[in-house]
Amino acid sequence: MGQYTCGDVLLAPVALDDRTPKKTRPVIVVRSGDSGLLHICPVSSKPPSDAPCLPLTIDDFSSGGLDLFSESYIMTSRVLTLAGSAVIGKKGRLTAESLDEIRSRIPAMVRDPAPARQARSGNSRKHR
């Protein structure tokens, strides 16, 4: 088990709702705690028709990345809790700008009180 922080992009088994089985997919850490529990937003290759989401592209990464052949979507309306021990691997880290955009769209009670900041990259992009 590793130490994960806000902005990390991980692979983990998650279910998008109560009707679907768990599937290994990318997730974005939006809050981490000392207890080993992570609050994450799942990433999907298809945008949900019933909830808000943000596109995720390779430009959103400050390091690492996903094998993206087309856009993926961060499901900001589906903040889930995940044990750090369930993480399969780490795929990368988002830019500070991308993390700020995600955090602005998730419920305030889930946001990390003191997010870890990283150096700003030259890539500044606006999400749709």
Handout entry: Hey, Arg19 in a loop (DSSP other than H, G, I, E, B), out of contact with any His (no Cβ under 9 Å at 6 or more places or on another chain) and over 21 Å from Asp100 (Cα atoms) or not
Key = yes
Exercise for the section: Can you tell me which residue among Val79, Val14 is in contact (Cβ under 8 Å) with a residue 60 or more places away in the chain and either under 18 Å from Ala108 (Cα atoms) or not polar (S, T, N, Q) (or both)? Expected result: Val14
Completion exercise
Scanning segment 24-62 for residues that are over 21 Å from Leu82 (Cβ atoms) and outside any loop (DSSP other than H, G, I, E, B) gives Pro55, Ile58, Asp59, Ser62
Practice task
Output the qualifying pairs, or none if there are none: Cβ atoms under 7 angstrom, residues six or more apart or on different chains, first residue in segment 21-46 and on the phi > 0 side of the Ramachandran plot, second residue of a type in the set (S, T, N, Q).
Solution key: Gly36/Ser85
Practice task
Run Asp17 past the list (1) acidic (Asp, Glu); (2) under 15 Å from Leu94 (Cα atoms); (3) surrounded by fewer than 17 Cβ atoms within 10 Å (Cβ to Cβ) and report the number of the one that doesn't hold.
Solution key: (2)
Problem - Output for segment 79-105, where each listed residue is within 13 Å of the chain's Cα centre (by Cα) and either assigned to a strand (DSSP E or B) or at pLDDT below 90 (or both) - result: Leu80, Thr81, Leu82, Lys90, Lys91, Gly92, Arg93, Leu94
Practice task
Determine which member of the set Ser63, Ser49, Ser44, Ser70 is among the hydroxyl-bearing types (Ser, Thr, Tyr), farther than 19 Å from Leu94 by Cα and surrounded by fewer than 22 Cβ atoms within 10 Å (Cβ to Cβ).
Solution key: Ser49
Exercise for the section: Mind listing whichever residues of segment 1-13 are surrounded by fewer than 21 Cβ atoms within 10 Å (Cβ to Cβ) and either modelled with pLDDT of 95 or more or in contact with a Lys or Arg (Cβ under 6 Å, 6 or more places away or on another chain) (or both)? Expected result: Leu11, Pro13
Handout entry: Residues of segment 106-120 classified as surrounded by 15 or more Cβ atoms within 10 Å (Cβ to Cβ) and at pLDDT below 50, total
Key = 2
Fill in the blank from the handout: Going through (1) farther than 15 Å from Arg25 by Cβ; (2) touching a His at 6+ places or on another chain (Cβ under 7 Å) one by one, Ser70 fails only at (2)
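The values are calculated or read from the model by the stated rules, or taken from the named source; none is laboratory data. Bear in mind that the values here come from a model prediction, so they are computed numbers and not experimental data. Cβ atoms come from the backbone with ideal geometry, glycine included; neighbour counts cover every protein chain shown.
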